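Each reported figure results from applying straightforward, stated rules to the coordinates on display, with no laboratory input. Please read these numbers as outputs of a predicted model, since none were measured by experiment. Cβ: placed from backbone, ideal geometry, glycine included. Neighbour counts: every protein chain shown.
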Amino acid sequence: MSSRTAVLLAGALVTGLAWASAPLPAATALDPAPGVADLAQDLNRILADSRLDAARAGVVVRAAESGEELYGQDAGKIFTPASNTKLLTSAAAVDILGLDHRFRTEVLASGRRAGGVLTGDLYLKGTGDPTMLAADYDALAAEVAAAGVKVVTGRLVADDTWFDDVRLGTDWAWDDEPYYYAAQISALTASPDTDYDAGSVIVSVAPGGAAGTPAKVSTTPETGYLKIVNRATTGDSTDVVVQRQHGTNTVVITGTVAGAYEEWVAVDDPTGYAASLFRAGLAKHGVRVLGPTGRGAAPSGARSLAARESMPLSELLVPFLKLSNNMHAEILTKTIGRKVANAGTWSAGLAAIGEFARANGVTTSRLRDGSGLSRVDGLTPAGLTSLLIALRAKPWFPTWYAALPVAGEPGRMVGGTLRSRMRGTPAAGNVHAKTGSLTGVTSLSGYVTSADGEPLVFSIMINQYLSASPKDIEDQIAVRLARFSRTTPADVPATTRARTAGGQDAGDLECSWRKPAPC
C-alpha cells in the first residue's frame, strides 16, 4: 500500500467516525422548504433526460440524522440493483463474521509417520480464502517439507467441504461462465493477483519474432491446469480473442497481436486448480506424493502440518468494495451460511443476509446471490437508504465506510470504481458510494455531505435503459446533493444540470470487471 493510499484511507476512517456521530448543522433548524424545493426541481430536471423515457428510475435522498426524505421517485418500487447488492452482503458479513474474521487454509496428515515417510494421505483443507496465491500454496508446501515429510505413500486429498459443491450462482448467465467476474465458488481456490480474483488465471499473449509467426502465450500463475490452444499470430494490430471452452479448461486463443495483451479467465473447478498448485509446490520442495489427487473430508483426527490465515475481513473489504469483486461477495455469503447454520450454501447465507437486511430497514427485497450478478435480485431505493442510515450506528461503520469507493479520488484502492467520476466537482472526495452495472442497469447508492455540512444518504437505480450507460445522470444527482443547502439555492451551472458531471467510459459491466480496468 502506497503512503498516499494509506493517508487517504486513514482520512476516510476519520470521516467515517464523523459520519457516525456528527450532529446536524444549526442551519437545518431553519425552514427547509426553499432549499428542499429547489433540490426537487433540479433533480426532476435531471431525471427528465430523454434517455430515461423508456427506462425506470428510482431515486431517494434522505437526511442521514433524522431520516427525513428530501426527494423520492418510485422509492418503494423493486429495481435490479446490480452491485448495489454488495452493500447488504458486505455489511451483513462484517456484522455476522466480525472485522477480525480470517479464512484458514490448512495441510493435515492422516496415518502413521516414520521419519520422512508419511504412510497415509495428505489433506489440503480450505475455508474459501480468496486471497490464496500460488506463492501461498508454495509456502504451505515448504512448511510440509520443513516438518520433515519427504514421501507421502497415499493421496493428496483436496478438502473443499466447508462449502457445498454448487459452483455457480442461481440465474447467472451461461455465457458469463468463462469470465473471471463470474468464476466458480469453492472452499479451495486461488487468485492470480492481489486484486484477489479468486478462481481465475491471467492469460498473457505477446507478439512472436516476426509478422505471421505464432504469438507467445504464458499464464499467471504458471500452471498446466489450463490446456492452451494457441492459434494467434503476430500482426500489425492487436485483435485477440481468449476464450475458455464451455465446461472445460481448454483455452483457445485466436487473432493477431502486435503488443502485450492480457485476459483474466475463470477456471473450471477451482478445487482441482488449487490442488494442482499445491502439488506442484510439494514437488518443488522435494515432497513426493505417490498417490493421485482425490477429493474428500479430512478425518477428525488428522494432524496439522501447515496452515495459513488470510488478512482480516477489515482489510479484505477494501479490494472487495473498491473493485466490486463478485467472488468475495459470494464467498462471504457462503461463509455466513456456514457461521449461522453450519451450511456453506447460498441458501443459508442469503437467509442470514436477508434477516440482517430486514433488521436494518430493508423491508422489501429479493436476494438470489451476494454480488448482484443475478438479474432476479431486487431492492428498493427506499430500502437501501434505510440501510445506509441504520449502518451509521454500527460500531464497525467507520471501517466499512472507508472501504466504499470515493468519487474522483485517484488510486484503485481508494477511489475504486468511482475514481474517474465527478472529478473537479464538490462531490469529489465527498461521495462515498457503491456503484452497480449490468446491461441496461446502473445504480449508485451511498453517502454525501451537503454544502451546509449536513450528512445525506441517497440511492439511485436506473433499469431498462436502451441508450449508452447513463451514469452521468447519477453523477449529476450526486454533485447536486454535494451543493445542496436548506437555506440557499444552489448555484448549479446549466451545463451540469443538462448533461454530465464528469462521467466515465460507458459500459454494460462494472468498470473494474473489464481488465485492465478502465475506471
Nearby aspartates and glutamates by direct alpha-carbon distance to K125 (threshold 17 angstrom, same-chain neighbours under 8 apart not counted): E106, D136, D138, E143, D159, D160, D164, D165, D269, E309
At R0 = 25 Å the Cβ-Cβ FRET efficiency linking R303 and T161, nearest 0.05, sits at 0.85
Among 197-210, 294-307, 430-443, how do they line up from the highest to the lowest mean number of other beta-carbon atoms within 10 Å? 430-443, 197-210, 294-307
Spread of Cα-to-Cα distances over 5 Å intervals beginning at zero, given as percent, for segment 426-465: 7, 23, 25, 18, 13, 10, 4, 0
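Using the Cα centre as the reference, give the magnitude of the dipole from point charges on the C-beta atoms of the chain (Lys, Arg: +1; Asp, Glu: -1; all else neutral), rounded to the nearest 20 debye. Can you show the working numbers first?
Working: 48 positive and 51 negative charges, 206 e Å.
I would put it at about 1000 debye.
Nearest 0.05, what FRET efficiency do Q243 and S467 give at R0 = 25 Å with Cβ-Cβ as r?
Numbers: r = 29 Å, r/R0 = 1.15.
Efficiency, from the Cβ-Cβ distance: 0.30.
Quick one: grab the alpha carbon gyration tensor of segment 264-307, order the square roots of its eigenvalues as a ≥ b ≥ c, and give me rounded if a/c is under 1.5, else prolate or oblate depending on whether a/b is larger than b/c.
Working: a/c = 1.95, a/b = 1.31, b/c = 1.49.
In terms of gyration-tensor shape, oblate.
Could you list the trypsin sites (Lys or Arg not before Pro) in segment 162-241 that lie in coil according to DSSP, counting only those with at most 13 other Cβ atoms within 10 Å of their Cβ? Before the final figure, lay out each step's value.
Details: sites: R167, K216, K227, R231; in loops: R167, R231.
The qualifying sites are R231.
Quick check on segment 254-371: take the gyration tensor over C-alpha atoms, sort the square-rooted eigenvalues as a ≥ b ≥ c, and tell me if it's rounded (a/c under 1.5), prolate or oblate. Provide the component values of the computation, followed by the final result.
Working: a/c = 2.33, a/b = 1.30, b/c = 1.79.
Oblate, because a/c is 1.5 or more while a/b does not exceed b/c.
Once the piece of chain linking M311 and T364 is laid out straight, how much longer is it, given 0.36 nm per residue of separation minus the C-alpha distance between them?
Working: separation 53, 0.36 × 53 = 19.08 nm, distance 3.38 nm.
Roughly 15.7 nm would be gained on extension.
For the chain, what number results from the quotient of the Cα radius of gyration and 2.2 N^0.38 Å? The partial results should precede the final answer.
Working: Rg = 24.7 Å, N = 519, 2.2 N^0.38 = 23.7 Å.
Output field value: 1.04.
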Based on Cα positions only, what radius of gyration and what Dmax would you give for segment 200-266, in angstroms? 11.2, 34
Taking the Cα centre of segment 200-266 as origin, work out the dipole magnitude from +1 charges on Lys and Arg Cβ and -1 charges on Asp and Glu Cβ, in debye rounded to 20. 220 debye
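What's the Kirkwood radius of segment 24-144 in Å, using all Cα pairs? Write down the numbers at each step before the final one.
Working: mean 1/r = 0.0480 Å⁻¹.
Hydrodynamic radius (Kirkwood, Cα only) of segment 24-144 equals 20.8 Å.
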Suppose we keep just the alpha-carbon trace of segment 158-258; what are its Rg and Dmax in angstrom? 15.6, 50
Could you work out how much longer the chain between A393 and E355 gets when fully extended? Use 0.36 nm per residue separation minus the Cα distance between them, nm to one decimal. 11.9 nm
Using Cα atoms only, what is the angle between the long axis of helix 270-284 and the major principal axis of the chain, expressed in degrees (0 to 90) to the nearest 10? 50 degrees
Simple spin-label estimate for A173 and A48 in nanometres, 7 Å along Cα-Cβ: 3.4 nm
Given Cβ charges of +1 for Lys and Arg and -1 for Asp and Glu, the option among T80, G344, V479 whose Cα lies farthest towards the positive end of the dipole of the chain is G344
Along the charge dipole of segment 200-266, Cβ charges K/R +1 and D/E -1, which of T256, S237, G224 sits furthest on the positive end? G224
